[in-house]
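The values are calculated or read from the model by the stated rules, or taken from the named source; none is laboratory data. Keep in mind the model is a prediction, meaning the values are calculated, not measured. Methodologically, a virtual Cβ is constructed for each residue, glycine included, from the backbone with ideal geometry; neighbour enumeration extends over all protein chains shown. Quick note on the areas: whole protein, heavy atoms, side chains included, nothing else; ligands and nucleic acids left out. Shrake-Rupley method; radii C 1.70, N 1.55, O 1.52, S 1.80 Å.
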Amino acid sequence: MSDVQKSSGNKYFLKWVAAIRRGAELLSLPVMLMMVFSPYASAVPLSLQSAEVIALRQNPGLGALTQKIAELRHQAVAVAQLPDPHLALGVVNAPLNSFSMNQQQMSMLSMGLSQTFPSFGKLGLEGQQAGVEAQAAADTLRGQSAELVLLLRRAWLQALYAEDAVATVRHQEQLQAESVQAALALYRSAQGSQADVLRAQLARDSLANDISKLQAERASDLAQIAQILDLPEPPSIEKQWPNLPPPPTLAQAEARLSGQPLLRAAQAQTRAAQMGVQVAKTGYWPEVTVSVGYGQDFYPGSPNWLSAGVNLSLPIFPGDRQDQDVAAARAKALQAQYRYDDQHLALTQQARATLARYEAVKAQLERTDQRLLPTARNAFSATLAAYSAGRAELNAVLRTQKEVLDYALTRLQYRRDLALSAAELDFLTTQGATQP
């Protein structure tokens, strides 16, 4: 039992003790035992469905995107507000010989307040633009969540393939052992050669290298699963192949692409860039600053003073500033539109290719199950029987044995590739949430 499990168990035990000390309701013995020893049940094999839940909850990359959405939503509120007013405090015309404020009529203390108003409509447009960018980030989060699930499913299916491939190779070792026994029987009866025995043993023993390679691949896949789930060590996973949702038709897949979260994010980025053009156009209008000031005059008999004014920016030379800003915003909007179009075409091509691959692999798997693998096994059995009777060569036995292994592993590859294609189609047809 790992230190993590022990510390987790101690944590649950302390929680139970704390509840008793606070005067909590008396718990039954089974419930208390479940509270204390539940962390030690983590050795139970993990299902793919549970792993997906853990990945979406614990993956740090998704957590960072969640905070990015919160950042953009706060910014959408902030950018739509007026800039802070300015408060001015000053001393006007203080005499340097005495610093007396009642020596001259021109000396006074002043206080002023000013407020700048951006170009008409600019704040509202910037707030809407930031809100659309927050929506794009939310769709990006949904899309990357779907990508993470796809990555987890790929590693999961690869690990299951490696597990079943090891079992298949071990079964092949049993078949090879039959060949060794047949070669030994012929050798002992002086009908076979020692070379045949050695070749049969070599074919059997070389399968250990294939097992070691498959075990290393499975360990690598489990390590990737642990990374996706943010776990300190590789988990124990269920050996049952998952039931993934059946793929849609090509027409259904293409119709659903418009709701794919990553494509919706690209579309939202296009809308935000188009709003950026409207924001840039507000630069043709002046910014207005309204100011008011009060002056306290300390010279005997002099009045106090009130001043007010309006300042305006003068965009009278737009060629090198406003025109360029608008042109740059338009270029950015076109760039975003081209990226959306390119991504839409890429997803459409990917959906068509994946669906075609799914149909092809499905037919290959059915053909291998129904005809190729049974025929290869029958051929091996017949060839081994013929060799035992002295009517066939050992080369034919070894060749048919290898064909049985190749078809068995190919069948597992087809099963894995069929599930991978279904997982990819499920990702491509993922639908984003309705935008508010």
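Details
- Net charge in the neighbourhood of ALA138 (other residues with Cβ under 13 Å of its Cβ; Lys, Arg +1, Asp, Glu -1) is +1.
- Comparing mean-square fluctuations of ALA94, ALA360, ALA219 from a GNM of the chain with C-alpha springs under 10 Å, the top value falls on ALA94.
- Once all protein chains are placed together, GLU366 keeps about 90 Å² accessible to a 1.4 angstrom probe.
- Centre-to-centre, using Cα atoms only, segment 287-324 and segment 94-116 are separated by 18 Å.
- Couplings 3J(HN,Hα) of segment 167-174, computed from phi: 4, 5, 5, 5, 5, 5, 4, 5 Hz, in residue order, whole Hz [Karplus 6.51 cos²θ - 1.76 cosθ + 1.60, θ = phi - 60°; x for Gly and Pro].
- Antiparallel beta bridges, as assigned by DSSP with both residues in the chain, represent about 95 percent of the total such bridges.
- For the chain, the mean residue ellipticity at 222 nm estimated from helices alone is -23000 deg cm²/dmol, where every DSSP H run of n ≥ 4 contributes -39500 (n - 2.57) and the total is divided by all residues, rounded to the nearest 500.
- Net length available on complete extension from PHE120 to LEU82 is 12.5 nm, with 0.36 nm assigned per residue and the Cα-Cα distance removed.
- Evaluating 6.51 cos²θ - 1.76 cosθ + 1.60 at θ = phi - 60° for every residue in segment 287-299, the Karplus couplings come out as 8, 10, 10, 9, 9, 9, x, 10, x, 9, 9, 9, 6 Hz, glycine and proline recorded as x.
- The Cα-based radius of gyration of the chain, divided by its Kirkwood radius, gives an Rg/Rh of 1.27.
- Amide hydrogen neighbours beyond the local backbone of PHE117, cut-off 5 Å, H modeled: VAL288, THR289, VAL290
- Cβ-based net charge around GLU287, under 15 Å, with every Lys or Arg adding one and every Asp or Glu removing one: 0
- Using a Förster distance of 60 Å, the FRET efficiency for ASN102-ARG339 (Cβ separation, nearest 0.05): 0.30
- HN-Hα J in Hz across segment 319-331 - Karplus 6.51, -1.76, 1.60, θ = phi - 60°, x for Gly and Pro: x, 9, 10, 5, 4, 5, 4, 5, 5, 5, 5, 5, 4
- With the simple model of a label 7 Å out from the Cα in the direction of the Cβ, ARG352 to GLN194 spans 6.5 nm.
- The charge dipole of the chain, taken about its Cα centre with unit charges on the Cβ atoms of Lys, Arg (+1), Asp and Glu (-1) only, comes to about 920 debye.
- Rough spin-label spacing in nm, given labels placed 7 Å along Cα→Cβ, for ARG399 and ARG170: 3.1 nm
- Set of aspartates and glutamates near LYS362 by C-alpha distance (under 13 Å), chain-local residues within fewer than 8 positions excluded: ASP417
- All aspartates and glutamates inside 20 Å of LYS281 as judged from Cα atoms, apart from same-chain residues fewer than 8 positions distant: GLU126, GLU133, ASP320, ASP323, ASP325
- Sequence-distant residues sharing a close amide H with TYR294 (under 5 Å, placed H): MET111, GLY112, SER307
- Each residue was assigned an accessible area with a 1.4 Å probe, and for MET106 the value is about 130 Å².
- Heavy atoms of HIS74: accessible area, 1.4 Å probe, square angstrom to 10: 130 Å²
- Alpha carbon convex hull of segment 206-307, volume per residue in cubic angstrom: 363 Å³
- Within segment 89-195: Cβ-based charge dipole about Cα centre, in debye rounded to nearest 20 (Lys, Arg +1; Asp, Glu -1): 100 debye
- Largest accessible area first, the listed residues GLU173, GLU403 line up as GLU403, GLU173 when surface is computed with a 1.4 Å probe on the assembled protein chains.
- Between helix 194-205 and the chain: long-axis angle, C-alpha atoms, 0 to 90°, nearest 10: 30 degrees
- Net charge in the neighbourhood of LEU207 (other residues with Cβ under 13 Å of its Cβ; Lys, Arg +1, Asp, Glu -1) is 0.
- Accessible surface, 1.4 Å probe, highest first, among residues VAL279, VAL292: VAL292, VAL279
- Given charges at Cβ of Lys, Arg, Asp, Glu: the chain dipole, positive-most of TYR161, VAL79, ASN97: TYR161
- Pairs of C-alpha atoms in segment 323-374 farther apart than 13 Å represent 71 percent of all such pairs.
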